[in-house]
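All remarks here apply to the structure that follows.
The values are calculated or read from the model by the stated rules, or taken from the named source; none is laboratory data. Because the structure is a prediction, the values reported are computed rather than measured. With ideal geometry, Cβ positions are generated from the backbone for all residues, glycine too; neighbour counts draw on all protein chains shown. Keep in mind that these areas ignore ligands, DNA and RNA; they rest on the heavy atoms of the full protein, side chains included. Shrake-Rupley method; radii C 1.70, N 1.55, O 1.52, S 1.80 Å.
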Amino acid sequence: MPSACDSLLDDIEDMVTSHDPTPHERQFARRNIVPRPRKHQLQPAGEELQTDSVIPGTQKIWVRTWGCSHNSSDGEYMAGQLAASGYKITENPSDADLWLLNSCTVKNPAEDHFRNSIKKAQEQNKKVVVAGCVPQAQPRTEYLKDLSIIGVQQIDRVVEVVDEAIKGHSVRLLGQKKEKGKRLGGARLDLPKIRKNPLIEIISINTGCLNACTYCKTKHARGDLASYPIEELVERARQSFQEGVCEIWLTSEDTGAYGRDIGTDLPSLLWELVKEIPEGAMLRLGMTNPPYILEHLEEMVRILQHPRVYAFLHVPVQSASDSVLMDMKREYCCADFRRVTDFLQERVPGITIATDIICGFPGETDEDFEQTMELVRQYRFPSLFINQFYPRPGTPAAKMEQVPAHMKKQRTKELSALFHSYKPYDHKIGERQRVLVTEDSFDSQYYVAHNKFYEQVLVPKKPELKGKMVEVDIYEAGKHYMKGRPVEDAQVFTPSIAQPLQKGQVSGLPQSLFSHPHVVPIPYDFLSSWNTEDDILKNLFSCF
């Protein structure tokens, strides 16, 4: 017989009465609220809390994210809010009480990994909360039955959902945020966050897009374009630099479409952002589809020439065949893509143009595929994302006549062979370059740096180089990287205007409350017992 805590709440909003504040009033009030951990009774070292009931906020959470940098940013925000509310974020899944799985719906393999992780969690008796594009787009999928879901526009309420999941309830928050009938860009940008890399801030400038590509499932989840105001994005960048970040990535489903819904555009945003970038720090632009960047080519040239902006742009072409592009409903032709690429390469010498190609889209003929091969032969893209077509359920492309599986595999293999036949960096051996060191390499043997063109340069793993702009001599090159030797006696420049946060430290927690000379700091575990904004207002002065 199911217990009382096995009950299913269709939506946590059902607990709100007509006397409660409206969503707009609640959202406005929360702008001035400090996220707070729960009140935990301190235990002697090594002694576990003994209790007959489940106390949300005392558990360990493992957060796993698949997919794009937009998804990564959402995962960082959710981890930050949970940590700020008292939960411990762990990197060890077997040690966690609850798994928060943040999914990607772009390709079948990504969803397969997500589904398998749910099954593995259930086999290990872990609580599960699912997030991201898969449950947002298809919440009634059988394997998601009875699981708690946090929608892509509801990540600011992840603590509430996890609380209920810990108690054994199943809750689903999948609504869209609107204000005065207009769809908002998503959760607030000033929420607490745990950056996966304390040196890199990922900022979502908008959510959704204007296209309706026939193969795309992400549109079902993220919806139509909704942009954040420029002032909010600039403030997020400013805060990030004050926390020691030295590199910012702008992300969205289509950065080129930014602002069309709010009466502005991408160049206007970028010119405001570059004013905030400290010397030596860098800004990386995200993916933009050809139709929207075409209108701003002259402005984009000037922005990409800026010393604190990487000369890098990700412009997906998907196919060089106009008939295939028409079936995809990409809203441009191959000539448009060539115009973008040629214009930028001519005026920004050395620029890196990254692109995506789908092999085996329904109806693609041998002639169509050969046009794509010829495009790659001509431009020899240094960064090329090759995707075998997967029909996603519910998309128009899934209902089209499919290219046989063996042909899709063969075309993917041929294009991959062409891509690996040329080496884009051999001619750079012997060059002296300035690079920004921000990451560890996959094998942990080097630090990863990037030059002005966002080309990957591996440098010696010396702690004094991390987060610094350094000069290196290129002495070796591979298919995807170069290796650089730091120049002796060269200046090592620190772009950060503040000490970076420690790995796992929560970003975005206001400190003003704790620094005022007449305010006694309130312990976080005392703050944790206040469950609403009213509690905070009532109890603030009783702490002294």
query: Can you pull out the residues in the stretch 315-333 that are open to solvent by 10 Å² or more (accessible area, probe 1.4 Å) and not in a loop (DSSP other than H, G, I, E, B)?
result: GLN318, ASP322, SER323, MET326, ASP327
message: So for the stretch 76-93 (the condition being open to solvent by 10 Å² or more (accessible area, probe 1.4 Å) and touching a His at 6+ places or on another chain (Cβ under 8 Å)), does at least one residue qualify?
response: yes
- prompt: Restricting attention to the stretch 416-430, and to residues there that are open to solvent by 70 Å² or more (accessible area, probe 1.4 Å) and assigned to a loop (DSSP other than H, G, I, E, B), which single residue is farthest from PRO198 (Cα to Cα)?
  reply: SER421
task: Go over the candidates ALA257, ALA237, ALA281, ALA226 one by one and state the one that is aliphatic (A, V, I, L, M), touching a residue at least 60 places away in the same chain (Cβ under 8 Å), buried (at least 19 other Cβ atoms within 10 Å of the Cβ) and in contact with a strand residue (DSSP E or B) (Cβ under 9 Å, 6 or more places away or on another chain).
output: ALA281
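Condition check ((1) open to solvent by 10 Å² or more (accessible area, probe 1.4 Å); (2) assigned to a loop (DSSP other than H, G, I, E, B); (3) in contact (Cβ under 8 Å) with a residue 60 or more places away in the chain) across all residues:
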position: HIS296; (1), (2), (3): yes, no, no
position: ILE303; (1), (2), (3): no, no, no
position: LEU313; (1), (2), (3): no, no, no
position: PHE337; (1), (2), (3): no, no, no
position: PHE343; (1), (2), (3): yes, no, no
position: GLY350; (1), (2), (3): yes, yes, yes
- prompt: If you take the residues in the stretch 450-473 that are more than 26 Å from the chain's Cα centre (by Cα) and open to solvent by 20 Å² or more (accessible area, probe 1.4 Å), which one is farthest from GLY244 (Cα to Cα)?
  reply: ASP473
field: Matching residues in the stretch 199-223 - criterion: being open to solvent by 10 Å² or more (accessible area, probe 1.4 Å), in contact with a Gly (Cβ under 6 Å, 6 or more places away or on another chain) and farther than 25 Å from GLU243 by Cα
entry: GLY223
task: Give just the number: which of (1) of a type in the set (A, V, I, L, M); (2) surrounded by fewer than 18 Cβ atoms within 10 Å (Cβ to Cβ); (3) part of a strand (DSSP E or B); (4) in contact with a Gly (Cβ under 8 Å, 6 or more places away or on another chain) does VAL435 not satisfy?
output: (2)
- request: Could you check, for the stretch 331-348, whether at least one of its residues is at pLDDT below 95 and out of contact with any Lys or Arg (no Cβ under 6 Å at 6 or more places or on another chain)?
  value: yes
message: Can you go through ASP163, ASP112, ASP146, ASP156 and tell me which one is open to solvent by 30 Å² or more (accessible area, probe 1.4 Å) and touching a residue at least 60 places away in the same chain (Cβ under 8 Å)?
response: ASP146
message: Report every pair of residues separated by at least 6 positions or lying on different chains whose Cβ atoms are under 8 Å apart, first residue within the stretch 174-194 and in the same structural domain as SER240 (by the TED database), second basic (Lys, Arg) and modelled with pLDDT of 75 or more.
response: LEU189/ARG236; ASP190/ARG236
query: Out of curiosity, is LYS413 farther than 30 Å from ALA477 by Cβ and modelled with pLDDT of 95 or more?
result: no
- prompt: Across the stretch 240-250, what is the number of residues that are assigned to a strand (DSSP E or B) and either more than 16 Å from the chain's Cα centre (by Cα) or free of Cβ contacts under 8 Å to residues at least 40 places away in the same chain (or both)?
  reply: 0
field: the stretch 208-237, residues that are assigned to a helix (DSSP H, G or I) and at pLDDT 90 or above
entry: ILE230, GLU231, GLU232, LEU233, VAL234, GLU235, ARG236, ALA237
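So that you can scan it fast, the table gives a plain yes or no per residue for (1) modelled with pLDDT under 90; (2) part of a loop (DSSP other than H, G, I, E, B):
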| site | (1), (2) |
| --- | --- |
| TYR143 | no, no |
| ILE149 | no, no |
| ARG157 | no, no |
| GLU160 | no, no |
| GLU164 | no, no |
| GLY168 | no, yes |
| GLN176 | yes, yes |
| ASP190 | no, yes |
| ARG195 | no, yes |
